[in-house]
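Student: This is the structure, below, for whatever I ask next.
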Amino acid sequence: MRWHRMGFAAYWRWKSRPRGGRPRIDKEVRDLIRRMSFENPLWGATKIHGELLKLGIEVAQSTVSIYMVPRRDRPLQTWKTFVRNHMEGIASIDLFVVPTIAFEQLFAFLILGHRRRQLLWFAVTRNPTAEWLARQITEAFPWDRAPKYLIRDNDRAFGVAFKARVRAMGIRDRPTSFCPPWQNGYVERLIGSVRRECTNHLIVFNAEHLRRILSKYARYYNEVRTHVSLGKDAPYTRAIERFGDIVAHPVLGGLHYRYARI
């Protein structure tokens, strides 16, 4: 009986063996369908199928439906998508604290342009009021070069006067949600770089001393320091030097060096 059952299973396994069927879809096409579906959350199978046909890829629309990224619904634009799509016209701002030699607190205010990660503006104060912050926005952005969007957190310092100034300049204020630092990640990363590469290694005497330090670091950050997100280039594009002897120029008293050819 055992042999008979084994033979029966083997016979029908042989009878049910695959005899061709639909051709397999190349991995490149499957990956492209998933990529299109992920990058365009508002697109359905019909739209993706049309794009594939225009790229010379012949697949069935039902096949596109199978390999799309599964979603319960088609959400509207996410925060990450907004930041990526409007990179050219976004600036972000934030404050961080620097202690002095006398254990006082100084507040450094930074403005970062998202397009090339430029450090556009910095200022130092002991008391960051809404009026002071509004004045910094005016000085940082001339009326004809203001960004379209401004990302900030919900610090109480960004009060009525600040919001009114931003609105008068035609800037669309975009405060983040409460307690999500990732929504303002670019400037948070900048603050981390300033601390790790500069202020954590120096003792600040007063506000004027901190301004001089940040001025030197801003020049180093924009003109010299390479960024992975920019293809190992500086925010203000740094020319490639191929000929000459290599010399090192100290920055911030030797805390960093700029290497160049002469």
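The values are calculated or read from the model by the stated rules, or taken from the named source; none is laboratory data. The structure displayed is predicted, hence computed values, not measured ones. Cβ placement follows ideal geometry from the backbone for every residue including glycine, while neighbour counts extend to all protein chains displayed.
Student: Cβ-Cβ below 6 Å, separation at least six or inter-chain, first residue in segment 105-129 and closer than 21 Å to Lys163 by Cβ and touching a residue at least 60 places away in the same chain (Cβ under 8 Å), second assigned to a strand (DSSP E or B) and among the polar types (S, T, N, Q): which pairs?
Tutor: Pairs found: Leu112/Ser92.
Student: Would you tally the residues in segment 158-176 being within 17 Å of the chain's Cα centre (by Cα) and assigned to a loop (DSSP other than H, G, I, E, B)?
Tutor: 1
Student: Out of Gly185, Gly170, Gly113, Gly159, which single residue is buried (at least 18 other Cβ atoms within 10 Å of the Cβ) and of a type outside the set (A, V, I, L, M)?
Tutor: So the residue among Gly185, Gly170, Gly113, Gly159 that is buried (at least 18 other Cβ atoms within 10 Å of the Cβ) and of a type outside the set (A, V, I, L, M) is Gly113.
Student: What tally of residues in segment 34-72 results from selecting those that are at positive phi and of a type in the set (A, V, I, L, M)?
Tutor: Just the residues of segment 34-72 that are at positive phi, to begin with: 56.
Now restrict to residues that are of a type in the set (A, V, I, L, M): none.
Qualifying residue count, segment 34-72: 0.
Student: Let me ask something else about it. So for segment 143-152 (the condition being at pLDDT 90 or above, in a loop (DSSP other than H, G, I, E, B), over 17 Å from the mean Cα position of the chain (by Cα) and surrounded by 18 or more Cβ atoms within 10 Å (Cβ to Cβ)), does at least one residue qualify?
Tutor: Scanning segment 143-152, I find no residue that is at pLDDT 90 or above, in a loop (DSSP other than H, G, I, E, B), over 17 Å from the mean Cα position of the chain (by Cα) and surrounded by 18 or more Cβ atoms within 10 Å (Cβ to Cβ), so the answer is no.
Student: Identify all residues within segment 210-235 that are hydroxyl-bearing (Ser, Thr, Tyr) and more than 23 Å from Gly254 (Cβ to Cβ); write none if there are none.
Tutor: Passing the criteria: only Ser229.
Student: Among the listed residues Arg225, Arg196, which satisfies the condition of being out of contact with any Cys (no Cβ under 7 Å at 6 or more places or on another chain), without any contact (Cβ under 8 Å) to a residue 60 or more places away in the chain, loosely packed, with under 13 Cβ neighbours inside 10 Å and closer than 16 Å to Leu110 by Cβ?
Tutor: Values: Arg225 fails: loosely packed, with under 13 Cβ neighbours inside 10 Å.
Result: Arg196 is the single residue among Arg225, Arg196 that is out of contact with any Cys (no Cβ under 7 Å at 6 or more places or on another chain), without any contact (Cβ under 8 Å) to a residue 60 or more places away in the chain, loosely packed, with under 13 Cβ neighbours inside 10 Å and closer than 16 Å to Leu110 by Cβ.
Student: Determine which member of the set Ile33, Ile48 is at pLDDT 85 or above, in a helix (DSSP H, G or I), closer than 30 Å to Phe82 by Cβ and in contact with a Ser or Thr (Cβ under 7 Å, 6 or more places away or on another chain). Spell out how you get there, then give the answer.
Tutor: On the way: Ile33 fails: in contact with a Ser or Thr (Cβ under 7 Å, 6 or more places away or on another chain).
Among Ile33, Ile48, only Ile48 is at pLDDT 85 or above, in a helix (DSSP H, G or I), closer than 30 Å to Phe82 by Cβ and in contact with a Ser or Thr (Cβ under 7 Å, 6 or more places away or on another chain).
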